[in-house]
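Everything below concerns the one structure shown next.
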Amino acid sequence: MRVAAKIELSSEERRKLMHLSRAGTSSVRHARRAQIVLLAAEGLPNDEIAKRVGVGRVQAGRWRARYAAGGWTAVAQDQPRGGRPVKVDVAEVIRLTTQTEPEAATHWSTRTLAEAAGVSDTTVWRVWKQHGLKPHRVRPFKVSRDPDFVEKLEDIVGLYLAPPEHALVLCCDEKIQIQALDRTQPGLPLKKGRAQTMTHDYKRHGTTTLFAALSMLDGQVIGQCQPRHTHAEWLKFLRQIDRNTPKMKTLHLIADNYATHKHLAVEAWLAKHPRFHMHFTPTSASWLNMVERFFRDLDTSRLRRGVFTSVADLQAAIGDYIAHHNVHPKPFIWTAKAHDILQKVIRANRRLSSKHNEALH
């Protein structure tokens with residue numbers, strides 16, 4: 001007569017098994033196996049364990065015996081199943097994904113690649129997941145061709161990492177053509193089992209431009225909405241910055257190369273206000289301006305799903321968002337060094353050059 005394996009648990013093993021049997025993050029299989037072992041440790045026969053856990057007697061005896069032989073390691077994973085092993089050429093799947101394109105399409109899907117490689121779409125998905133491949137996604141980029149890129153990069157990153165004493169570093173830019181969009185029908189609110197709804201079409205009620213200056217010291221934002229973004233509006237915003245900052249502080253303003261920032265009238269005004277010092281980002285390198293991070297938060301948190309019946313309504317919403325932000329501001333911390341950024345840019349230029357040469361040949 002076969003005798004069920006005897007299970008003896010230490011206090012630590014019992015604690016771990018009880019946690020696995022009750023944790024909501026455990027898989028159903030692991031929770032069930034932990035219950036089987038705990039009941040076996042109480043001396044219950046396999047028939048009784050099977051009845052309480054809701055499994056077969058043979059299954060209860062199997063996991064009991066495996067735990068007695070090898071502990072939790074022997075129970076955590078299933079043993080390899082019988083049958084002919086599936087041979088997958090992982091290197092070929094990766095090569096097809098990264099170096100080829102399907103006919104009449106720009107990128108592979110799991111099903112189209114599975115058909116081309118002669119495997120299942122689940123296998124393709126598993127290979128992609130293991131190697132971090134996401135053909136359905138594309139990330140935009142632009143390598144700056146500014147001849148003074150290195151000097152401007154070092155200047156701006158130097159302001160971020162080691163700001164001058166008795167000075168404020170302000171990241172300035174315009175978020176232009178913000179549309180006051182009103183939906184054609186009211187949407188339904190979020191509820192259990194259903195996402196918030198919003199009509200795909202909309203009514204336009206005009207646009208506004210947000211001028212913003214983000215302080216790298218404390219994260220405070222100076223904002224101003226204006227109907228246009230010419231040098232006249234930029235001068236108006238500079239005057240607001242002058243009014244809203246301590247007079248004894250030197251101001252270092254980081255901005256892009258937009259023509260309005262370099263207008264003759266602007267340069268004349270700056271000459272009369274020597275505490276203002278302009279620092280321009282390299283061409284096609286707006287990512288160096290930290291105020292873009294604030295613009296992204298504004299867009300995702302307030303504008304993208306907002307409903308505005310007029311420009312005044314839109315401007316009020318933007319003003320409320322900035323006021324709320326300034327109650328408990330958090331500065332964005334820049335950590336990347338100029339040398340590390342430059343090395344990435346050099347590598348990107350090399351890759352682009354090699355691709356260009358391959359295309360020519």
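The values are calculated or read from the model by the stated rules, or taken from the named source; none is laboratory data. All figures in this text were calculated on a predicted structure; none of them were measured in a lab. Ideal geometry is used to build each Cβ from the backbone, glycine not excepted, and the neighbour counts take in all protein chains shown.
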Any pair with Cβ under 7 angstrom, 6 or more apart, that starts in region 323-338 at a residue that is under 24 Å from Leu161 (Cβ atoms) and ends at one that is modelled with pLDDT of 90 or more and among the polar types (S, T, N, Q): Pro329/Gln220
Selection count where residues are among the hydroxyl-bearing types (Ser, Thr, Tyr) and either crowded, with 18+ Cβ neighbours inside 10 Å or under 32 Å from the mean Cα position of the chain (by Cα) (or both), scope region 214-240: 1
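I'd like the residue in region 23-42 that is part of a loop (DSSP other than H, G, I, E, B) and modelled with pLDDT under 85 and, out of all such residues, is surrounded by the fewest Cβ atoms within 10 Å (Cβ to Cβ). Quick ask: steps written out before the conclusion?
Taking region 23-42 first, the residues part of a loop (DSSP other than H, G, I, E, B) are 23-27, 42.
Now restrict to residues that are modelled with pLDDT under 85: 23-27.
Details: Ala23: 12, Gly24: 5, Thr25: 7, Ser26: 15, Ser27: 11.
Only one residue fits best here, namely Gly24.
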Some residue of region 33-46 being within 18 Å of Thr73 (Cβ to Cβ) and among the charged types (D, E, K, R): yes
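Here is a check on your reading of the model: is Ser310 loosely packed, with under 13 Cβ neighbours inside 10 Å, of a type in the set (Ser, Thr, Tyr) and either touching a residue at least 60 places away in the same chain (Cβ under 8 Å) or in contact with a Pro (Cβ under 9 Å, 6 or more places away or on another chain) (or both)? Let's see the steps before the verdict.
On the way: loosely packed, with under 13 Cβ neighbours inside 10 Å: yes; of a type in the set (Ser, Thr, Tyr): yes; either touching a residue at least 60 places away in the same chain (Cβ under 8 Å) or in contact with a Pro (Cβ under 9 Å, 6 or more places away or on another chain) (or both): yes.
The answer is yes for Ser310.
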Any strands (runs of 3 or more DSSP E) falling wholly within region 160-260 and containing at least 1 residues that are farther than 25 Å from Arg302 by Cα: 167-183, 250-255
Selected residue [outside any loop (DSSP other than H, G, I, E, B), of a type in the set (A, V, I, L, M) and surrounded by fewer than 16 Cβ atoms within 10 Å (Cβ to Cβ)] from Ala317, Ala323, Ala336: Ala323
Search result, residues across region 290-306 that are of a type outside the set (A, V, I, L, M, F, W, C) and either more than 20 Å from Leu153 (Cα to Cα) or buried (at least 20 other Cβ atoms within 10 Å of the Cβ) (or both): Arg296, Asp297, Asp299, Thr300, Ser301, Arg302, Arg304, Arg305, Gly306
